[in-house]
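Chemist: Got a structure here, written out as structure tokens. Questions coming.
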Amino acid sequence: MTQGSAALPPRGANAKAAPRSPKPPKKRRVLLKVVLLLLLAVILLIAAYVGFLANKANKAINTSSTVSNNDVKIPPAESVKKKAVGMVLLGLDTRAKGGGMNTDVMMVAVFNPNTKSATVISIPRDSLLQLEGYGERKANANYATFFSQARSEKGMDKEAAEEDAKRAIRDMLGKFFGVDLSYTAVVNFKGFEDVVDALGGIEVNVDMDMKYVDTYDGTNINLKKGLQTLDGDQALDFVRYRKSNDGRNMSSDFDRNKRESEVVAKIVDKMKSLGGIAKMGDVIDSVGNNMEIDMPPKEIQNLMKTYFGISSSDVQFIPLEGVWKSPYVYLDEAKLSEARAALQAKMAE
């Protein structure tokens, strides 16, 4: 060995093995396995829940849709997944007393898949929608009129007349706003109540004391001013309130439209929250039992998948306004122009 050189490590049987990394304590290894098992269990539960919701959603979709995939073929490029879609949203009062075919909630919406956003216009129910070729009547009476005409003049049965009325109101509002409207969804007030109840209520700042009783149709609105959680029945009262029996704390259709937009925004955000997701099964049931839409089931699935997770900040709400001159609301032209431009812009994004 050359002097000053470093000694080489010993060889052969007497050589010492290189040191190994110490094994983790047994207790720590057991804990790690437990954590992994828990993670696996959570993943399996989520998968099962998603599957459960998918089954619920499919059942609700098939119940809500009034057309068949076999009846209407949508080209892929025309699907709601790829192209902006315009819709009419109608709310019907289906109470045993006082209810009927009048649409007390009327909205026109455009959804755009490129920006995952929407524009929604609320129409006061007493509005006069002046349009060539259509009779003079309050906006909320148009659906009922089209239904009656389909029954009496065209000899249609109830189901066919409802579909004809959906098409007619869609054509009318499409001409009025200057946008192509493809579908009409009709939701009864019971569905609105059930959705809010399924979510465990919504937090709303009631803007005034609201007290109104009508024994004929069973209306009994009794809300106090202030921030509070409303159940389905109370939320509907909040949206519908127009006047009090004693002439105090009077409201209007314009106030109703603003409250409609506020409540819809609250529902959207509540559904997106963790608590809302946990209750999504009940929400799906509520919608399926109380809504009819002339959209093929496959397209409803595409709509849900495309806009799942949308929040109120992604939705532009524009309530139309105007001047009341009995028996109509005459819409403000500047606000109407703003609404038309917003819908057309959303369609073009």
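Chemist: Can you pull the accessible area of Val239 for me, 1.4 Å probe, Å² to the nearest 10?
Modeler: 10
Chemist: Something else now. Considering only protein heavy atoms, with the full assembly of protein chains and a 1.4 angstrom probe, order Leu37, Leu89 by accessible area, largest first.
Modeler: The ranking, largest first, comes out as Leu37, Leu89.
Chemist: For segment 127-211, with only Lys/Arg (+1) and Asp/Glu (-1) charged at the beta-carbon, what is the dipole magnitude about the Cα centre, in debye rounded to 20?
Modeler: Roughly 340 debye for segment 127-211.
Chemist: Same structure again: In nm, give the distance between the simple-model label positions of Glu153 and Thr219, each being 7 Å from the Cα along the Cα-to-Cβ direction.
Modeler: According to this spin-label approximation, the distance is 3.0 nm.
Chemist: For a quick check: with amide H placed at 1.01 Å from N, whose amide H comes under 5 Å from Gly322's, ignoring anything fewer than 5 positions away on the same chain?
Modeler: Hits under the 5 Å cutoff: Asp332.
Chemist: Near Glu292, within a Cβ-to-Cβ distance under 11 Å, what is the net charge of the other residues, with Lys and Arg +1 and Asp and Glu -1?
Modeler: -3
Chemist: Measuring from a point 7 Å past the Cα of Asn62 along Cα-to-C-beta, which residues in segment 73-88 have an amide N at less than 13 Å?
Modeler: Once the point is set 7 Å along Cα→Cβ of Asn62, nothing inside segment 73-88 turns out to lie under 13 Å by backbone N.
Chemist: Name the residue from Ala161, Tyr212, Tyr183 whose Cα lies farthest towards the positive end of the charge dipole of segment 123-254, charges +1 on Cβ of Lys and Arg and -1 on Cβ of Asp and Glu.
Modeler: Tyr212
Chemist: Sticking with this structure for a sec: Can you tally the net charge around Ser122? Count Lys and Arg as +1, Asp and Glu as -1, for every other residue whose Cβ sits under 12 Å from the Cβ of Ser122. Working shown, then result.
Modeler: Numbers: positive: Arg125, Arg256, Lys258, Arg259, Lys335; negative: Asp104, Asp253, Asp255, Glu260, Glu262, Glu321.
Taking every Cβ under 12 Å from that of Ser122, the sum is -1.
Chemist: Can you give the charge dipole size of segment 181-308 about its Cα centre, rounded to the nearest 20 debye, using +1 on the beta carbon of Lys and Arg and -1 on the beta carbon of Asp and Glu?
Modeler: 360
Chemist: Moving on. For Ser68, Ser326, Ser148, give the ranking by accessible area with the largest first, probe 1.4 Å. Mind dumping the intermediate values first?
Modeler: Working: Ser68 40, Ser326 90, Ser148 65 Å².
Descending order: Ser326, Ser148, Ser68.
Chemist: Treat every Asp and Glu Cβ in segment 64-159 as -1 and every Lys and Arg Cβ as +1, leave all other atoms uncharged, and give the resulting dipole magnitude about the Cα centre to the nearest 20 debye.
Modeler: 320
Chemist: Oh, and also: Exactly which chymotrypsin sites (Phe, Trp or Tyr not before Pro) in segment 181-276 are in a DSSP loop and have at most 13 other Cβ atoms within 10 Å?
Modeler: Tyr216
Chemist: Run the 1.4 Å probe and let me know the accessible area of Lys83, rounded to the nearest 10 Å².
Modeler: My reading of the accessible area for Lys83 is about 90 Å².
Chemist: How high is the FRET efficiency between Arg29 and Glu78 when r is their beta carbon distance and R₀ equals 41 Å, given to the nearest 0.05?
Modeler: Values: r = 57 Å, r/R0 = 1.38.
According to the calculation, E is roughly 0.10.
Chemist: Roll a 1.4 Å probe over the protein heavy atoms and report the accessible area of Ile169 in Å², nearest 10.
Modeler: Around 0 Å² of this residue is reachable by solvent.
Chemist: On a straight-distance basis, which aspartates and glutamates could pair with Lys335 in a cross-link, Cα separation under 17 angstrom, same-chain partners fewer than 8 positions away excluded?
Modeler: Qualifying aspartates and glutamates at Cα under 17 Å: Asp126, Asp253, Asp255, Glu321.
Chemist: Right, another one. May I ask you to derive the FRET efficiency for Arg248 and Asn70 from their Cβ-Cβ distance with R0 = 56 Å, giving the value to the nearest 0.05?
Modeler: Given R0 = 56 Å and the Cβ-Cβ separation, E is 0.50.
Chemist: While we're looking at this one, here's another question. Can you figure out the FRET efficiency of Gln130 with Ala345, using R₀ = 30 Å and their beta-carbon distance, to the nearest 0.05?
Modeler: Numbers: r = 23 Å, r/R0 = 0.78.
So the FRET efficiency works out to roughly 0.80.
Chemist: Under 27 Å from the Cα of Lys279, which lysines turn up, not counting those fewer than eight places away in the same chain?
Modeler: Filter leaves Lys56, Lys59, Lys81, Lys116, Lys190, Lys258, Lys266, Lys270, Lys298, Lys305.
The values are calculated or read from the model by the stated rules, or taken from the named source; none is laboratory data. This structure is a prediction, so every number in the text was calculated from the model and none was measured. Because the Cβ atoms are built from the backbone with ideal geometry, glycine has one as well, and the counts that use them run over all protein chains shown. Just so you know, the surface numbers come from the protein's heavy atoms only, side chains and all, with ligands and any DNA or RNA stripped out. Shrake-Rupley method; radii C 1.70, N 1.55, O 1.52, S 1.80 Å.
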